[in-house]
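To start, the structure under review is shown below, and the notes come after it.
The values are calculated or read from the model by the stated rules, or taken from the named source; none is laboratory data. Just so you know, these numbers come straight off a predicted model, no measurement behind them. Don't worry about glycine lacking a Cβ; one is built from the backbone with ideal geometry, like all the others, and counts go over all protein chains shown.
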Amino acid sequence: MDKTYLFISDVHLGLRSKEEEKQKENLLIKFLQFARENCDELFILGDLFDYWFEYKHVYQKGFFRTLSSLHDLTERGIKIHYIIGNHDFMHRDFFEKEIGVKLYEKDIEAQLNGSRFYLAHGDGLVKNDIGYKILKKILRNKLVQKVYSVIHPDLGIALASRTSKSSRDYTSKKDYGETDGLFEFAKKKIDCGFNFVLLGHFHQRRFKQYKNGIYINLGSWIDEPCYGIFQSNKFEIIDWN
């Protein structure tokens, strides 16, 4: 029997004013309640938070209802897969041990209802983004993270917030050329036999057919909240409002 899979990306909780983020989280909570009754597995394609920095014995406060709702899903037997994005600065074991969410530092290749999926956040996949690729290696370096974690949490999380803003500004101002670099990446994966290539990061919604495959980008929840659903061998992007 086919399963129902749901997908979200780039929610960026904590990006804007407290009131705006409260409204966004309310939408997200309602979506997670919907997912609880309407899916078998949920994929989060990175950047659930605008920044996440987790210490060994401390994790940042805020958005408790989101964490609680995710835990409720896993308690009901729904699998949650979370691909770490470029704003997910440092995860330890809180999501896996306390919530039951499976974390991935690398892209996922999966067989879903008989179709081959390539799933990734999308950061560092564009050819001419060398500067970011170097930065990503530094930020993901375990030694660098260990040294950084010595900083007091109040200061460390404040710095993580600033770094998040710098990363977002860099991405928004970067000239990637006339072509959609993520679509070019997706084409190569489709040529390798994948039926669906699903990415985030770009913050622009895409649904493009290429040969026997489809490239999908879910955009972001910053201005146009939506989710992807795959069932009965059909993929759709649904507005969530």
So Leu42 ticks every box in (1) outside any loop (DSSP other than H, G, I, E, B); (2) touching a residue at least 60 places away in the same chain (Cβ under 8 Å); (3) of a type outside the set (Lys, Arg) but one. Which box is left unticked?
(2)
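Restricting to segment 53-71, give me the number of residues that are without any contact (Cβ under 8 Å) to a residue 40 or more places away in the chain and of a type outside the set (Lys, Arg). Please lay out each step first, then the result.
Our first condition is that a residue be without any contact (Cβ under 8 Å) to a residue 40 or more places away in the chain; within segment 53-71, this holds for 57, 59, 61, 64, 67-68, 70-71.
Filter again for of a type outside the set (Lys, Arg), leaving 57, 59, 64, 67-68, 70-71.
Final tally of qualifying residues: 7.
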Which of (1) at pLDDT below 65; (2) small (Gly, Ala, Ser); (3) within 21 Å of the chain's Cα centre (by Cα) does Gly177 not meet, given it meets every other one?
(3)
Applying the selection to segment 45-69, what residues are in a strand (DSSP E or B) and either at pLDDT below 85 or among the basic types (Lys, Arg) (or both)?
Phe53
Those residues that are modelled with pLDDT of 95 or more, surrounded by fewer than 17 Cβ atoms within 10 Å (Cβ to Cβ) and either charged (D, E, K, R) or within 26 Å of His87 (Cβ to Cβ) (or both), I need them from segment 188-217; list them, please.
Lys188, Asp191, Arg205, Phe207, Lys208, Lys211
Suppose we filter segment 231-241 for residues that are within 16 Å of Ala35 (Cβ to Cβ), in contact with an Asp or Glu (Cβ under 8 Å, 6 or more places away or on another chain) and surrounded by 11 or more Cβ atoms within 10 Å (Cβ to Cβ); how many remain?
1
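Among the residues of segment 215-238, which ones are in a loop (DSSP other than H, G, I, E, B), over 19 Å from Asp40 (Cβ atoms), out of contact with any Leu (no Cβ under 6 Å at 6 or more places or on another chain) and not acidic (Asp, Glu)? Before the answer, list the steps.
The initial filter retains those residues of segment 215-238 that are in a loop (DSSP other than H, G, I, E, B), namely 219-225, 232-233.
If we keep only those that are over 19 Å from Asp40 (Cβ atoms) too, we end up with 219-225.
In the following step, the residues that additionally are out of contact with any Leu (no Cβ under 6 Å at 6 or more places or on another chain) were identified as 219-224.
Within segment 215-238, Gly219, Ser220, Trp221, Ile222 qualify.
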Restricted to segment 3-24, and to residues that are acidic (Asp, Glu) and touching a Phe, Trp or Tyr at 6+ places or on another chain (Cβ under 9 Å), which residue is surrounded by the most Cβ atoms within 10 Å (Cβ to Cβ)?
Asp10
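I need a count of the residues in segment 1-52 that are among the acidic types (Asp, Glu) and at positive phi.
Step one: of segment 1-52, the residues among the acidic types (Asp, Glu) are 2, 10, 19-21, 25, 37, 40-41, 47, 50.
When the remaining residues are screened for being at positive phi, the result is 10, 47.
Result for segment 1-52: 2.
Of Leu48, Leu27, Leu42, which residue is surrounded by fewer than 18 Cβ atoms within 10 Å (Cβ to Cβ) and among the hydrophobic types (A, V, I, L, M, F, W, C)? Before the answer, list the steps.
On the way: Leu48 fails: surrounded by fewer than 18 Cβ atoms within 10 Å (Cβ to Cβ); Leu42 fails: surrounded by fewer than 18 Cβ atoms within 10 Å (Cβ to Cβ).
The match here is Leu27.
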